Amino acid sequence: MAGRNMDPKKNPMPVQPPQERRRNFSEVALGYTSEQAASEAARCLRCKNKPCVEGCPVRIDIPAFLERAAQQDFSGAYEVISQSSSLPAVCGRVCPQETQCEARCVRGIKGEPVGIGRVERFAADWRAAHGAEAAVPAVAGEKAPRVAVIGSGPAGLSCAGELAKNGCAVTVYEALHTPGGVLVYGIPEFRLPKEIVRREIGALEELGVTVVTNAVAGRSFTIDELLEEYRAVFVGSGAGLPRFMGIPGENLKGVYSANEFLTRVNLMKAYEEGSPTPIQRPRRAVVVGGGNVAMDAARCALRLGAEEVSVVYRRSMEELPARAEEVEHAQEEGIVFRLLRNPVEIFGDQDGWAASVKCARMELGEPDASGRRRPVEVPGAFEEVPADCVIMAIGTSPNPLLTGTTPGLETQRWGGIVADETGRTSRKGVYAGGDAVTGAATVILAMGAGKTAAQAILEDLGRGVL
Ligand code: FAD
Ligand code: SF4
Ligand code: SF4
């Protein structure tokens, strides 16, 4: 067994210096070397009760993969991870590890937890760089049950992968022109290079999954029409419908939802020289919201060349919901945090473009239903922030297009599809999972839901799970 590393701190992750990266879209975190990955993995104590595994929504056998990584057997480490996760290179980068696996790590009691995500990322990248073995050849024969998947985000992809591995003929229908869901249109290149997502989708296609793009369920065809052709339909259509604040000035030019702004930048590569996608290159941008989406939008606006980018959030730094690492990176890059501020109006110039945002000052009152202290306006205290670009990142909900055209498919009041913990819905043969059911959540939870629903589909089709 490799020697144990009792350093209380994680091996630092090499990153691009803030002054360089604030103006480019290349990946910020550069990844470990093999020595750093092995040394980090050697910090694991191989706890018998494996508390970290409890914190991982897909229950990766974390000490087992870390043990192999500590011995520099990265192929073996990858094998262990891929038994439970179909997107390790993605999750190693974007999982909120600090609230999941690493939150339970016993090394975190007297120091920093083991950098589980960092080693996971290394193992996945190592495997890709050293020639992954060809995917298991397609096993779906002529009589294979046909299953349709709506949406190609992490929920749809993991459902499709699990079904294909178990002998189903799977077709994924995606509304956009490129598959990947939020992984391609939302999370920016500098946090998750799109090449990685393309690689994962390529592996699924090798398994025999067919991906049809520009196919909008609920418009091009209905779920009922799919059920005439397919034995089951999985809905993983996400929660991409943006919310706005309903304040005066939101219709001005230069005001975007975060989803639209990020889609133009990431999916349609608006930042590239010669790209046909129109995008405003902001001089002063204001991003409203405090989650990961707000951080991504702010950091994209900066990389488009903005002189000043502010995040306006109505609570304090303590309540900011974004990942600590992302907030730290944003601060290092020079993003200004205007905390305890809430926009009440956007003022425009004579050409109809946004010019400034009027913000009310807030203070924290008693805790609300979420347990967080409720922000309340300080009477008569306002400030005006100049902004030619205003990006709303205050949440999203599922698009009603699909549910509105599917009679008998039960939904929540806020639009989410009702599904039990196995992914079964109120309609026979229709399953659902991911953000379409839970509202905006995480990649790994969506993946877990897709996999669970695939198991329910296989059970209902009378097939065992391999
Ligand atoms: P999605 O990824 O939204 O995929 C749904 C797909 O369905 C989309 O491709 C959509 O085009 C398609 N679709 C929708 N309607 C139809 C239709 N009618 N017909 C056909 N196709 C349809 N999570 C993390 O864990 N870590 C992060 O760092 C993180 N950062 C984020 C940053 C941003 C900017 C955003 C927006 C989200 C972030 N998340 C993050 C959340 C995470 O990405 C989502 O929880 C996850 O992608 C949900 O997966 P999903 O498969 O349910 O839906
Ligand atoms: Fe941790 Fe996410 Fe990997 Fe699970 S998938 S071990 S939660 S980084
Ligand atoms: Fe290793 Fe931490 Fe898990 Fe223990 S809790 S097995 S130290 S990763």
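Would you work out if the chain is rounded, prolate or oblate? Take a ≥ b ≥ c from the square roots of the eigenvalues of the alpha-carbon gyration tensor; rounded if a/c is under 1.5, else prolate when a/b is larger than b/c, oblate otherwise. Walk me through the numbers before you get to the answer.
Numbers: a/c = 1.72, a/b = 1.19, b/c = 1.44.
Taking the square roots of the gyration eigenvalues as a ≥ b ≥ c, the chain is oblate.
So what is the calculated 222 nm ellipticity per residue for the chain, using -39500 (n - 2.57) for each DSSP H run with n of 4 or more, over all residues, to the nearest 500 deg cm²/dmol?
Result for the chain, helices only: -8500 deg cm²/dmol.
Just tell me which lysines come within less than 17 Å, Cα to Cα, of Lys10; anything on the same chain fewer than 8 places away is out.
In chain and number order, the partners are Lys110.
Using the Karplus curve 6.51 cos²θ - 1.76 cosθ + 1.60 with θ = phi - 60°, what ³J(HN,Hα) values do you get for each residue of segment 356-370, in whole Hz, with x for Gly and Pro?
Values per residue, Gly and Pro as x: 7, 10, 8, 10, 8, 7, 10, 9, 8, x, 6, x, 9, 4, 7 Hz.
Heads up, I need the accessible area for Glu79: 1.4 angstrom probe, whole protein in place, Å², nearest 10.
It works out to around 80 Å².
Arrange the residues Lys165, Lys358, Lys143 by how much accessible surface each exposes, largest first, with a 1.4 angstrom probe.
From most exposed to least exposed: Lys143, Lys165, Lys358.
Using a 1.4 angstrom probe on the protein heavy atoms only, could you order Arg424, Arg281, Arg191 from most to least accessible area? Let's see the in-between values first.
Working: Arg424 65, Arg281 125, Arg191 30 Å².
Ranked list, largest accessible area first: Arg281, Arg424, Arg191.
Rounded, prolate or oblate for segment 319-462? Axes are the square roots of the Cα gyration tensor eigenvalues, ordered a ≥ b ≥ c, and the cut-off for rounded is a/c under 1.5.
Working: a/c = 2.44, a/b = 2.13, b/c = 1.15.
Prolate shape, in that a/c is at least 1.5 and a/b is the bigger ratio.
Can you list the HN-Hα couplings for segment 21-30, worked out from phi with the Karplus curve (6.51, -1.76, 1.60; θ = phi - 60°), rounded to whole Hz and with x for Gly and Pro?
These are the phi-based 3J(HN,Hα) values: 6, 5, 10, 9, 9, 6, 4, 6, 7, 8 Hz.
Which of the listed residues, Asn24, Gln83, Asn214, is farthest toward the dipole's positive end in the chain, when Lys, Arg count +1 and Asp, Glu count -1 at the beta-carbon?
It is Gln83, whose Cα lies furthest towards the positive end.
In segment 247-392, what percent of the accessible surface is made up of carbon and sulfur (1.4 Å probe, ligands and nucleic acids excluded)?
C and S fraction of accessible area: 46 percent.
Please list the non-local residues whose amide H lies under 5 Å from the amide H of Val15, H modeled 1.01 Å from N, same-chain partners needing a gap of 5 or more.
HN-HN under 5 Å from Val15: Leu30.
Quick one: accessible area per residue over segment 260-355, 1.4 Å probe, rounded to a whole number of Å²?
41 Å²
Mind listing the long-range amide H neighbours of Gly348? Cut-off is under 5 Å, sequence gap 5 or more, other chains count too, H placed in the peptide plane at 1.01 Å from N.
Placed amide hydrogens put Ala355 under 5 Å from Gly348.
Considering only protein heavy atoms and a probe of 1.4 Å, how much of the accessible area of segment 10-129 is carbon and sulfur, as a whole percent? Numbers along the way, then the final one.
Numbers: 2450 of 4860 Å².
In segment 10-129, the share of accessible area belonging to carbon and sulfur is 50 percent.
For Lys110, Lys50, Lys10, give the ranking by accessible area with the largest first, probe 1.4 Å. Show your work: numbers first, answer last.
On the way: Lys110 190, Lys50 70, Lys10 45 Å².
The most accessible residue leads, giving Lys110, Lys50, Lys10.
For Lys358, give me every one of the lysines with a C-alpha distance below 23 angstrom, ignoring sequence neighbours fewer than eight places off in its own chain.
In chain and number order, the partners are Lys253.
Keeping every protein chain present and rolling a 1.4 Å probe, give me the accessible area per residue for segment 52-121 in Å².
Working: 2510 Å² over 70 residues.
That works out to 36 Å² per residue.
Under the rule a/c < 1.5 gives rounded, and otherwise a/b versus b/c splits prolate from oblate, where does segment 141-230 land using the Cα gyration tensor?
On the way: a/c = 2.74, a/b = 1.39, b/c = 1.98.
Oblate shape, in that a/c is at least 1.5 and b/c is the bigger or equal ratio.
The values are calculated or read from the model by the stated rules, or taken from the named source; none is laboratory data. Here the structure is a predicted model, which is why all the values come from computation and not from measurement. Virtual Cβ from ideal backbone geometry, glycine too; neighbours counted across all protein chains shown. Please note that ligands, DNA and RNA were not included when accessible areas were found on the heavy atoms of the full protein model with its side chains. Shrake-Rupley method; radii C 1.70, N 1.55, O 1.52, S 1.80 Å.
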